[in-house]
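Q: Take a look at the following structure, please.
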Amino acid sequence: MSVSSPATRRVRQRQATVAEIKALARAQLADGGAGAVNLRAIAREMGTTSSALFRYFPSYNDLISALLADAYHAHAGALAAAVDARPPGDHAGRWAALCRAYRDWSLSSPAEFALTHGTPVPGYQAPVQVTGPAAARTITTALGVYVAAVAAGAADPARSAVPAGLQTGSLWEALLAAQAQDHEPRLAGIILTAWASIIGYLSAEIFGSLTALVTDTDRLYHAHIRAVMLSMGYNPGGLAEAATGPGSIAQPPMPDPATR
């Protein structure tokens, strides 16, 4: 077994400088959004010149890409940890845990949520080779949970309104690489529709007036999870318990839309 050699002093110094730059950039992000991120201001804060920082991040776009990748990795890590905390056979519970973790991360990291899901940065196009692998982790985690549920009979794509003949696009193929060919395209549509619904709810809660419209957005979110899961074809029987987390208010069972 090969043992990696310890990082040299120069490498450690570079890593520390990169970490400091990104920490200051995240503080700017939290204060004023992506538009507030400024390499010159970071350089002043660090007591150096902006040209010195270009050795680490040649441009504003490179720094934004690094922040995006970090945010996606943190987000994906939170989702994976929540899923892994539930038993492998608890298919409804694993999807619901993923959705609760999505909200927990978003509420605790609103600046990062805004960067990854909010208004696009003018003139910026995320390079897939930099941000793609990190962004793909959230998709592959969600897809893995749903595919396992379908295989176990805990969810049926045929109960979804997503058409069976749906075809995936180039970005889906790029993000999932070889995995894109392992699953029918309809599953991509189901996952992406569910994701869009969750992101829409969280955007209304974080950026909009949802908190002024209802007094208990936590309870409403649990109901939203259940509605999303029904739209994905999850068996309706276990959703009331699955969608509510520890300490949550239990919701009455939701009828199967096919029986209405």
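The values are calculated or read from the model by the stated rules, or taken from the named source; none is laboratory data. Since the structure is predicted, the reported quantities are computational estimates derived from the model, not experimental observations. Neighbour counts run over all protein chains shown; Cβ positions are idealised from the backbone, glycine included.
Q: Among the residues of the stretch 204-237 satisfying the criterion of being of a type in the set (Val, Ile, Thr) and free of Cβ contacts under 8 Å to residues at least 24 places away in the same chain, which is surrounded by the fewest Cβ atoms within 10 Å (Cβ to Cβ)?
A: Of everything passing the filter in the stretch 204-237, Thr215 is surrounded by the fewest Cβ atoms within 10 Å (Cβ to Cβ).
Q: If you don't mind, another one. Of the conditions (1) under 17 Å from Leu79 (Cα atoms); (2) at pLDDT 95 or above, Pro157 clears all except one; give me its number.
A: Condition not satisfied by Pro157: (1).
Q: Please state which of the following conditions Asp84 fails to meet, knowing it meets all the rest: (1) crowded, with 18+ Cβ neighbours inside 10 Å; (2) assigned by TED's automatic domain parsing to the domain that holds Leu175.
A: (1)
Q: For the list (1) in a loop (DSSP other than H, G, I, E, B); (2) in contact with a Leu (Cβ under 6 Å, 6 or more places away or on another chain), I need the number of the one condition that Thr119 fails.
A: Checking Thr119 against (1) in a loop (DSSP other than H, G, I, E, B); (2) in contact with a Leu (Cβ under 6 Å, 6 or more places away or on another chain), the one that fails is (2).
Q: Looking at the structure I just gave you, is Leu176 within 16 Å of the chain's Cα centre (by Cα), closer than 29 Å to Pro120 by Cβ and either of a type in the set (Lys, Arg) or part of a helix (DSSP H, G or I) (or both)?
A: Taking the combined requirement at face value, the residue satisfies it.
Q: How many of the residues in the stretch 145-173 are of a type in the set (Gly, Ala, Ser), assigned to a helix (DSSP H, G or I) and surrounded by 15 or more Cβ atoms within 10 Å (Cβ to Cβ)?
A: The total comes to 2.
Q: Filtering the stretch 7-42 down to residues that are free of Cβ contacts under 8 Å to residues at least 24 places away in the same chain and of a type in the set (S, T, N, Q), which residue is surrounded by the fewest Cβ atoms within 10 Å (Cβ to Cβ)?
A: Per the criteria, the residue is Thr8.
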